[in-house]
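Right, one structure below, let's go through it.
The values are calculated or read from the model by the stated rules, or taken from the named source; none is laboratory data. Note that the structure is predicted; figures quoted are calculated from it, not measured. Counting neighbours? That spans all protein chains shown, and the Cβs are built from the backbone with ideal geometry, glycine included. Areas reflect the complete protein model, heavy atoms only, side chains present, ligands, DNA and RNA absent. Shrake-Rupley method; radii C 1.70, N 1.55, O 1.52, S 1.80 Å.
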Amino acid sequence: MMKVWTRRDVAKVGLGGVAAVAMGLRVPQIAGAQAPPLEQKDTYVIGYPQTDENNPWRIAQTNSVRSEIEARGWTVEYRNAQESTQQQLADVASLIAARVDAIFLPPREETPLAQAVLQAYQAGIPVFCLDRDVDQNIVQAGEEYVCFIGSDFYQEGARAAEWLARTTGGNAQIIELFGTTGATAAIDRSRGFVDYLAGTYTPANPESATAATPAPPASAFTGMTIIASQTGNFIRDEGRQVFETLYQANPGATAVYAHNDEMALGAIAALEAQGKVPGQDVIVVSVDGSRDALQAIIDGKLGATVECSPFFGPVACDTLVAYAAGEPVPTQIINTDRFFDASNAAEFIDSAY
Amino acid sequence: MASNLSSPAAGSTTSSGRTAIGSIGRSYGGLAALLLLIAYNAVFNAGAFLTVSSLRINLTQVAEIAIVATAMTLVIATGGIDLSVGSLMAIAGSIAPLILLSSAAPWDVPFLGGALAYVIPILVVAAFGAANGFLVASLRIQPIIATLILFISGRGIAQVIAGGRLKSFDEPGWQVIGQGRVLGIPVQAIIMVVVVVTAAWVLKRTVFGRYVLATGGNEEAARLAGVPVVRVKYAVYIVSAMLAGLAGLISIAINSASDPANVGQDMELNAIAAVAVGGTSLLGGRATIVGTFIGALIIQLTGYTLLTEGLSDATVRIVTAGAILGAVLLQRRAR
């Protein structure tokens, strides 16, 4: 079953992957592959190669996963790649060498880490991808790895749009603060929002739809227009400066859709600096569900925020147990993200990160 | 210092006279570019541009770059460069919230906590500035390498200080440097003007200013003429660090949060660009603070113009680079 993975094989697969991406095809790496089985045990050693610890969301994710593993009496082999894809590849290799039972992998980049998933597969170690997926041209969930667990960014965008349309009665001149250009989270949060307002939104994963999934809108919202859209790189200070300038050039704006809470808080600071009342003159909606954002909702400054849950511990461990027991595991597991607005922010602020 | 006053001052009279005239000439290119930008906005973007709020926004946004670039001009005038300013902003920005949020503060005196939250971060980064000075002046390591060390490590230090995470706070009194206004003018704009005017005066009218230019012009000659080159270099790196620290505090005050991973990101490059556009020679020995201020305004106004025109971030970067190149070329022709 086990194959010795030589450097030449890795190179071949790498080239194959590149060629496949170029042609838009999937290279069938291993025909009829199945994710490596996991023995049922009382305790597991879990490899957890984290991408970085630089922001509150990441830290909350790390704490959730580590504390859940430890609470179950399992062992965690933790690594921190400190925002380096190379380091994360090395971390996965070291976890494979240490013969961990399974790996919870938040892949920093989708294509390079697909190679790491392939190596784990070759070594017979099941991988669960957290919060980001890996390149489906190289490996696929249910075949070379068990599954992807994370949020549906497209749905997050639609939920923000649904709330904004309801709150403004379908009339708004919107400034959109985009996340980092090229980031999946930013692209999908924008698409979901735009599609919902255009009346073309349909849930991306009908089989994994939850109670939170918005119903497709009956028709387009013709009174809601995105009058300006510009990147703020998910950073509060950039969100503030960009919004300040856009709002000054488009004083008719009545709403802000920010791709994360930090940029929304930046926009709120800019509004206050210009003597406007956020929540009244301009309605702000965003995504993330951070503690600062919930406080801003309680203060009446932020309208609402769609949670993008960092609390992966329980769902990841439950999925692993189910997989070991031989139960069928969906290839895409979508987190049940909450929705925070004035009605529940005070209730949930203590559980926000 | 006073004992050395006569000889270097006499020795550099001609060169500083030339510098005064030259600085006007060198500022022309930048000034022309700035006037062009203003004219463009006044014609095509009048509704949004010719307003008090646009003036206020541009002033608040340019303040951090202008403050850092002013000090950068002094460093560059000595023939050096300071790549660590962005990281120093992050360090200062990560220390202040620790003091502001400290509940175990052993003091009950009003304002003392707030005052310490200004003073301690700036003193700490001043020490880092002295470390830069030590590497450059005492160990004679090339400035670009010497300050690269803190450029790389400084952000890490800031993240360690902050426990790796963004810290938010709400201290309206303390945040006056980022959010306050005096007679409608943003406080950070006032700080910027004070910094620019003081530095311009120091460079033009004081012995220290002449020492700075003499050090950058011909270090060996300056040393032989009695200029305390080592002390001058220490001084400019310390000033650079302290003004970067001040800019860092302004940044976190506006945002009510300190994000060690992002405070002052790219600041070193923006500041160097402002200095270059302004007409200061990167070889040292010639410098114009007013030119640097104009350079900072050009960079700010270019970004503002493109953003209000609705261009994408990628386009903004490319066009800004073009504007910098254009301004530098104009400034060369004027010379």
Just one listed residue, out of A:Gly232, A:Gly223, A:Gly169, is at pLDDT below 95 and surrounded by 24 or more Cβ atoms within 10 Å (Cβ to Cβ), and it is A:Gly232
Of the residues in segment B:158-178, those that are closer than 18 Å to B:Leu246 by Cβ and open to solvent by 50 Å² or more (accessible area, probe 1.4 Å) come to B:Ile161, B:Glu171, B:Gly173, B:Val176
Inside segment A:235-275, the number of residues satisfying the requirement of being over 21 Å from the mean Cα position of the chain (by Cα), among the hydroxyl-bearing types (Ser, Thr, Tyr) and crowded, with 22+ Cβ neighbours inside 10 Å is 2
If we keep only residues of segment A:235-288 that are within 11 Å of another protein chain (Cβ to nearest Cβ) and β-branched (Val, Ile, Thr), then the residue nearest to A:Gly300 (Cα to Cα) is A:Ile268
For segment B:297-305, does any single residue satisfy the condition of being on the phi < 0 side of the Ramachandran plot, open to solvent by less than 30 Å² (accessible area, probe 1.4 Å), among the aliphatic types (A, V, I, L, M) and within 14 Å of chain A (Cβ to nearest Cβ)?
yes
The residue that is surrounded by the fewest Cβ atoms within 10 Å (Cβ to Cβ), considering only those in segment B:47-63 that are hydrophobic (A, V, I, L, M, F, W, C) and facing chain A (nearest Cβ under 8 Å), is B:Ala48
Of the residues in segment A:84-99, those that are in contact with an Asp or Glu (Cβ under 7 Å, 6 or more places away or on another chain) and either part of a helix (DSSP H, G or I) or outside the structural domain of A:Gln122 (by TED's automatic domain parsing) (or both) number 2
Selection from segment B:254-269 of residues surrounded by fewer than 24 Cβ atoms within 10 Å (Cβ to Cβ), part of a helix (DSSP H, G or I) and within 14 Å of chain A (Cβ to nearest Cβ) yields none
For segment A:174-193, check the following and say yes or no: at least one residue is open to solvent by 30 Å² or more (accessible area, probe 1.4 Å), among the polar types (S, T, N, Q) and within 14 Å of another protein chain (Cβ to nearest Cβ). yes
Flagged in segment A:28-73 as part of a loop (DSSP other than H, G, I, E, B), under 19 Å from A:Val92 (Cβ atoms) and either within 14 Å of chain B (Cβ to nearest Cβ) or open to solvent by less than 30 Å² (accessible area, probe 1.4 Å) (or both), in numbering order, are A:Ala33, A:Ala35, A:Pro36, A:Leu38, A:Tyr44, A:Thr51, A:Asp52, A:Glu53
Checked segment B:306-328 for anything open to solvent by 40 Å² or more (accessible area, probe 1.4 Å), out of contact with any Phe, Trp or Tyr (no Cβ under 9 Å at 6 or more places or on another chain) and either within 14 Å of another protein chain (Cβ to nearest Cβ) or under 16 Å from B:Ala71 (Cα atoms) (or both); matches are B:Gly310, B:Leu311, B:Ser312, B:Ala314, B:Thr315, B:Arg317, B:Ile318
- Query: Of the residues that make up segment B:95-103, is at least one over 28 Å from B:Tyr237 (Cα atoms), at pLDDT below 80 and not in a helix (DSSP H, G or I)?
  - Reply: yes
Per the filter on segment A:142-153, residues buried (at least 24 other Cβ atoms within 10 Å of the Cβ) and of a type in the set (Ser, Thr, Tyr) are A:Tyr145
Next on the checklist: Considering only segment A:297-320, I want to know if a residue exists there that is open to solvent by less than 40 Å² (accessible area, probe 1.4 Å), under 18 Å from the mean Cα position of the chain (by Cα), facing chain B (nearest Cβ under 9 Å) and in contact (Cβ under 8 Å) with a residue 24 or more places away in the chain.
Outcome noted: no
For segment B:134-147, pairs from a residue that is in contact (Cβ under 8 Å) with a residue 24 or more places away in the chain to a residue that is of a type in the set (A, V, I, L, M, F, W, C) and part of a loop (DSSP other than H, G, I, E, B), with Cβ under 9 Å and 6 or more apart or across chains, are B:Pro143/B:Ile81; B:Pro143/B:Leu83; B:Ile144/B:Ile81; B:Ile144/B:Leu83; B:Thr147/B:Ile81; B:Thr147/B:Leu83
